[in-house]
Each structure stands twice: as structure tokens, then as C-alpha cells.
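Before any comments, here is the structure.
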Amino acid sequence: MIKINKKTLKYISTIEHMSCSELEKNIAAGYTVIPKNNSHKLAKPCAIGKGLATKVNANIGLSKGNSNINDELKKMEIAVKAGTDTVMDLSTGPDLMKALRKIMSECPVPVGTVPVYALACNEKKRIASLKEKDFLRVVEEEAVEGVDFFTIHAGIRMDAVKYISTRPRLINIVSRGGSILAAWMITNGKENPYYTYFDEVLDILKKYNVTLSLGDSLRPGSILDATDKLQIQELVVLGELQKKALSRGVQVMIEGPGHVPLDQIEANVKLEKSICNGAPFYVLGPLVTDAAPGYDHIVSAIGGAIAASHGADYLCYVTPAEHLKLPDIDDVRRGVIASKIAAHAADIVKKVPGAVDRDIEMSKARARRDWKTQFKFAIDPVLPTELRKSSNLGTEDVCTMCSDYCSMKITEETVLAAQDKRGGK
């Protein structure tokens with residue numbers, strides 16, 4: 001049985017316009033998760049899943065030789081301010097655990113990690129020399145720190161790794177966690193320890209109430225590899241693991257594909273919901289073209305809006321720096337805003353309670369040329385405020401695009417004049 005803190009449940013019930021009983025019912029059925037470690041005091045907990053607003057995640061984290069903890073804390077702060085619902089610490093550099101502790105102490109939203117990164121980044125041990133118990137040890141170490149959800153790549157199996165060696169794809173493995181496990185499996189000639197010892201992983205997660213995010217090691221890294229044998233084969237395994245986790249009282253969601261052409265997104269969402277028993281779907285994008293480096297936050301927002309409108313529950317942001325470099329603060333902010341726009345657009349289609357209210361108020365304010373109210377209801381109030389200020393129009397009610405030829409103002413004045421004329425008669 002999955003137990004959720006009543007105070008947390010009531011808080012989420014209020015912001016999601018869903019009763020506590022319905023939330024509990026969906027959590028028990030595996031349709032919804034609330035990522036919250038028993039020991040993590042969250043200012044802004046969230047729920048992910050059926051009938052709820054689409055959530056957004058922002059990735060931060062140290063990178064070897066190219067980051068510091070203060071920079072990552074600033075990225076976390078700007079991501080939260082921009083509206084991210086969760087943060088993942090994907091650190092792969094030195095001081096990884098130090099950074100995690102600092103992020104855990106300051107982050108007001110749920111925090112996720114990929115525990116296997118800590119093993120791979122330990123310079124005292126080579127990946128090949130790791131023992132199965134090391135993979136379990138690091139999960140418990142990070143659970144003790146209060147991490148709310150883990151990405152664990154338990155679905156990549158030895159038969160898939162052997163098949164990859166025949167190079168059936170343009171890009172074989174783009175998942176960092178998946179590649180680390182595949183390297184260990186090939187070198188040691190053993191099955192994925194997270195699959196072999198999945199029961200022991202569940203024991204740890206149950207103990208600390210950590211939500212399991214089943215990672216898709218074999219997600220496509222090119223749109224030409226999308227929805228192929230490897231991806232679907234792993235998805236079937238994830239569906240089996242999801243049922244097992246839920247039966248053990250562990251909350252679980254499924255991670256989904258990265259690069260998917262527009263016409264395959266709906267099918268991917270429906271496959272996940274069918275094969276994985278309606279579990280919340282966490283999509284990494286998806287990116288709908290491979291040919292737009294520097295603009296992948298836009299590419300991802302296009303795919304994310306389509307995926308969420310068809311039932312995906314959770315979008316992992318992508319920044320303009322994707323595939324190019326470690327994102328800076330501005331990249332993080334733009335990535336979050338792009339994903340928030342995609343999530344909101346999808347929520348209107350999904351008829352999430354209250355989603356369209358923002359658009360109604362925005363439209364009313366736009367008709368009145370009420371700039372202050374427009375900025376209040378904007379998904380990102382910062383940029384439009386800056387753009388308006390740069391036009392130097394002061395208190396004028398038009399913009400520099402149309403000025404006196406503003407369609408709304410012309411219509412308003414014409415209607416008012418006609419009303420006055422009729423009234424005069």
C-alpha cells in the first residue's frame with residue numbers, strides 16, 4: 001500500500017482542483033505519483049499523472065571541469081522562479097554528493113537524481129570493477145539524503161545490449177545511465193544489476209518513499225531510430241517492472257523517448273499507456289527534428305505539446321544548449337519557459353480544470369490594451385515587460401507595431417462612437 005502524507009495530499013488537492021479521495025484512488029492504481037521522500041521537507045510538492053496539470057522538470061548539475069556548485073544553485077533558483085515543478089541533479093563532476101546535499105537543503109520542489117552517475121564519476125573505481133552491491137549501495141546513499149525520485153535504468157537487458165553490438169541504429173545509446181550499465185554488462189558478461197536485484201531496489205525505495213522513474217536506456221537519439229525494436233522491447237520490460245513496483249507499494253513512472261517525428265508521437269504515448277498500465281509518462285522532449293542545434297528548446301516544446309495533449313504527464317525541459325554545451329542560467333530559464341508553454345498548451349486541450357482561465361484573462365486584458373494585467377497572466381512576465389519597456393511608449397495604450405492603427409482600438413472607438421450616435425438620437 002502506498003501511503004501519502006495527508007497534509008501533502010490536501011495541498012495538492014487544492015492546487016489541482018481534485019479531491020483527496022480521487023488522488024488516492026489514482027495513486028493506488030498507479031496512474032499518479034507524488035514524488036516526496038519521507039525526510040524531505042518540500043515547500044512546493046507536486047503530483048504527476050491522470051487528470052492533473054502537465055508538469056515540467058529542469059535538469060541542473062555539475063560537469064567535470066566546467067561547473068561549480070554556486071552556478072548550479074543559481075540555475076536551480078532561476079528554474080524554480082520560471083515555474084519548473086521539479087529539479088533533477090544530474091551531476092557528473094567532482095563534489096557530486098556535496099552538490100546534492102546543498103541542492104536538497106535549498107530546493108523547494110521535488111528533487112530527482114540518477115544514482116548510477118555517482119558510481120561512474122567515482123575516479124577511485126572504474127566502471128568495469130564495480131560489484132552488484134555497489135549499484136544498490138548508491139541508491140540507498142542518495143535515498144538517505146532525501147532524494148524524492150530516482151531514474152533507474154532497470155529495463156536494459158543483456159539480449160538488447162548484444163543486439164546493439166550489430167549496430168542496427170544511427171545512434172545506438174544516447175542515455176548516459178543506459179550506456180554506463182551497458183558498458184558494465186558487456187565488460188563483466190552479466191545481466192543488468194538493477195534488473196537482477198530489482199526487488200532489493202524496491203525495498204530501498206519503499207523504505208524511504210522514493211518514487212521510481214524507470215529510465216529508457218534505449219530511447220531514440222535520432223528521429224530515424226524512433227519506435228524501433230529496441231525501444232519497444234525495453235518498454236515491454238518497463239511495463240513488467242512497473243507492475244511489480246506498484247504491487248510492492250512503490251510509486252512509479254515511465255520515462256519516454258527523446259527524438260520522435262511528429263507523426264509518431266501520439267502512437268508512442270498510447271503505447272506507453274497501454275504497455276505500462278496507465279503509469280505517468282515522463283517524456284524527454286520529444287524532439288521532432290535533429291537538425292536545429294541551438295534551438296532544441298523550441299524543437300522540444302513542439303514535441304512536448306503534442307505528447308502532453310495526447311496524454312503524456314511530465315515534460316523534461318530541453319535548453320538551447322542541448323547537444324552543444326553545459327547550459328548557463330539564461331539557457332535554463334529559456335528551457336523552462338519553453339516547456340511551460342508546451343505544458344500549458346496541452347492542458348487546454350486536455351481540459352485540465354482552470355487551464356484556460358489564464359488565456360481568458362489575457363484575452364480580456366489584450367482587448368483593453370491593459371499591459372499590466374497581460375504581464376500578470378503571462379507564462380513568462382519578464383520578457384514581455386522588458387519588450388514593452390524598450391518601446392518607450394510610456395502610458396500609451398498601443399504598441400509600436402500598429403500604433404494608431406491598432407485593430408482593437410479602432411474597433412473599440414468605432415463601436416463607442418456608433419453607440420454615442422444612437423444614444424444622441
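Just so it is clear, none of the values below were taken in a lab; they were calculated from the coordinates. Remember, predicted model here, so these are calculated numbers, not experimental data. Positions of Cβ are backbone-derived with ideal geometry, glycine not excepted, and every protein chain shown enters the neighbour counts.
Computed values, structure above
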quantity: Among beta bridges that DSSP assigns inside the chain, antiparallel share in %, nearest 5; calculated: 5 percent
quantity: D (Stokes-Einstein, µm²/s), Kirkwood Cα radius, region 174-217, 0.692 mPa s at 37 °C; calculated: 284 µm²/s
quantity: Region 261-333 versus region 357-425: alpha-carbon centroid distance in Å; calculated: 34 Å
quantity: Spatially proximal lysines relative to Lys7 (Cα-Cα < 26 Å; intrachain offsets below 8 disregarded); calculated: Lys25, Lys36, Lys41, Lys44, Lys50, Lys55, Lys81, Lys102, Lys206, Lys207
quantity: Relative exposure of Arg126, Arg157, judged by other C-beta atoms within 10 Å (fewest first); calculated: Arg126, Arg157
quantity: Principal axis dimensions, region 357-424 - Cα atoms, whole angstrom, descending; calculated: 45, 30, 16
quantity: Stokes-Einstein D in µm²/s, Kirkwood radius over Cα pairs - the chain at 25 °C with 0.890 mPa s viscosity; calculated: 108 µm²/s
quantity: Net charge of neighbours whose Cβ lies under 13 Å from the Cβ of Arg176, counting Lys and Arg as +1 and Asp and Glu as -1; calculated: 0
quantity: Compactness index (Cα Rg / 2.2 N^0.38 Å), region 80-168; calculated: 1.27
quantity: Isotropic mean projected area of the C-alpha convex hull, region 211-362 (nm²); calculated: 9.7 nm²
quantity: Likely footprinting exposure, Val237, Val283, Val269, fewest C-beta neighbours within 10 Å first; calculated: Val237, Val269, Val283
quantity: In Hz, Karplus ³J(HN,Hα) per residue of region 378-387 (6.51, -1.76, 1.60; θ = phi - 60°; x = Gly, Pro); calculated: 5, 4, 10, x, 5, 4, x, 5, 5, 5
quantity: Least to most buried among Val139, Val299 (fewest other Cβ within 10 Å first); calculated: Val299, Val139
quantity: Residue-count net charge about Ile34 - beta-carbon cut-off 14 Å; Lys, Arg +1, Asp, Glu -1; calculated: +3
quantity: Relative contact order for region 42-191, counting Cα pairs under 8 Å that sit 6 or more residues apart, in percent; calculated: 21 percent
quantity: Neighbour net charge for Lys50 - beta-carbon separation under 15 angstrom, K R +1, D E -1; calculated: 0
quantity: Per residue convex hull volume, Cα atoms of region 14-157, in Å³; calculated: 131 Å³
